[in-house]
Amino acid sequence: MVRGEESSAFALVLVEQKSLRAAARERCRRALAAMEKLRNRLGVFEREDRPAFHQWLAREFGRHLTAARDLEDAIRAQQELVRDVEEEILRTLCDPATAYQRVRLRTTNPERAAEEDRRRAEAAPKTGVHLSDSEQEEVFKNWLRENFGVHAEAMDGVAFRINFGNFRVHLFGELPEEEHRRNFPSLPMPCPRMVRAYRVLVRRLHPDRRGDGSAQASWLWHEVQHAYGARDLERLETLLAFTELDEEEWDAQTPLFQLRAVRRELRQTLRALRQSLRAAATEDAWQFAKRSTDNMFRARVGTALEENLAGQRRTLDYLTNLIAQWEKPVPPSEYSASIGDGNLS
């Protein structure tokens with residue numbers, strides 16, 4: 001040490017953590033008790049209030065409910081058709097009208113559709129043209145603009161990357177090696193600490209070992225599987241501490257930072273349960289088992305059902321009109337025709 005300089009020595013201070021761990025454990029137990037009360041209240045709502053409300057609803061508004069179910073079935077069928085057309089667009093890079101015709105053909109005559117797919121694949125020219133990333137992106141932007149009237153600059157960044165990735169795979173072949181690693185990363189092998197924690201948690205939480213049907217145990221089991229699949233050691237050890245709340249040796253064995261992580265987990269769960277309870281309190285079924293219905297309540301529920309039916313009809317009309325547009329194919333431009341056939345030359 002140079003003369004005149006101040007000393008930079010540090011002193012170690014030992015902290016007795018037993019009392020701190022005991023306090024953390026007590027706070028966690030109080031949070032668990034609060035969670036149990038909230039879960040019980042939500043359980044009453046699910047077991048008593050909501051069934052009683054639906055029985056009354058079926059008795060008073062059966063016609064509305066039947067109409068809503070019929071509309072929902074029709075909407076679901078139209079949505080499935082729209083989804084099939086969208087998948088066909090991404091698969092073959094054709095315009096919506098052509099994709100619709102191919103989907104309908106695949107439904108009515110699958111053998112002929114398979115033969116046309118094979119013939120189209122064999123007829124597609126193998127140009128061997130290699131475009132740079134920027135050139136491929138420009139082709140994709142032009143394809144969006146020509147076929148859908150969509151400007152890529154107005155798209156959400158995540159949506160653009162996903163759709164551009166699908167476009168590159170279908171039109172230009174496999175993803176570049178760097179992008180493939182980013183989109184499909186390989187998981188590392190679990191370390192010994194992770195394996196030990198996982199084995200202990202499996203012994204404690206496996207459904208075959210627990211016959212109590214505990215909702216908390218089921219939630220922990222799924223969290224453990226997710227954490228192990230993601231190779232998240234910190235999360236696994238937090239879940240391990242969570243399961244030790246009822247163990248006598250918990251104070252002496254569990255590090256303080258893990259106890260605090262458990263407390264944070266409990267606080268997040270409490271917030272979620274309170275949000276669920278507040279959402280339940282806004283429903284007409286809230287405390288319905290103890291409620292006496294009157295004309296005002298009946299009128300309000302009837303108005304809400306009518307508004308829901310009107311919204312479903314609007315949705316069905318939109319899907320029907322969209323499909324009707326596809327049933328009248330517009331002659332594609334030279335560019336969209338070449339894209340639909342997979343020919344960039």
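Couple of notes before you dig in:
- Length gained when the stretch ARG298-GLU26 is fully extended (0.36 nm per residue, less Cα-Cα span): 93.2 nm
- Segment GLU80-ALA279, extension gain: residue separation times 0.36 nm, minus the distance between their alpha carbons: 68.6 nm
- Using the 1.4 Å probe convention, the accessible area of the stretch 26-72 works out to 62 Å² per residue with neighbouring protein chains retained.
- Taking a ≥ b ≥ c as the square roots of the eigenvalues of the alpha-carbon gyration tensor, the stretch 47-86 is classed oblate because a/c is 1.5 or more while a/b is no larger than b/c.
- A straight chain from ARG231 to SER218 at 0.36 nm per residue would run longer than the Cα-Cα distance by 2.7 nm.
The values are calculated or read from the model by the stated rules, or taken from the named source; none is laboratory data. From a predicted model like this one, the values you see are computed outputs, not experimental measurements. Areas reflect the complete protein model, heavy atoms only, side chains present, ligands, DNA and RNA absent. Shrake-Rupley method; radii C 1.70, N 1.55, O 1.52, S 1.80 Å.
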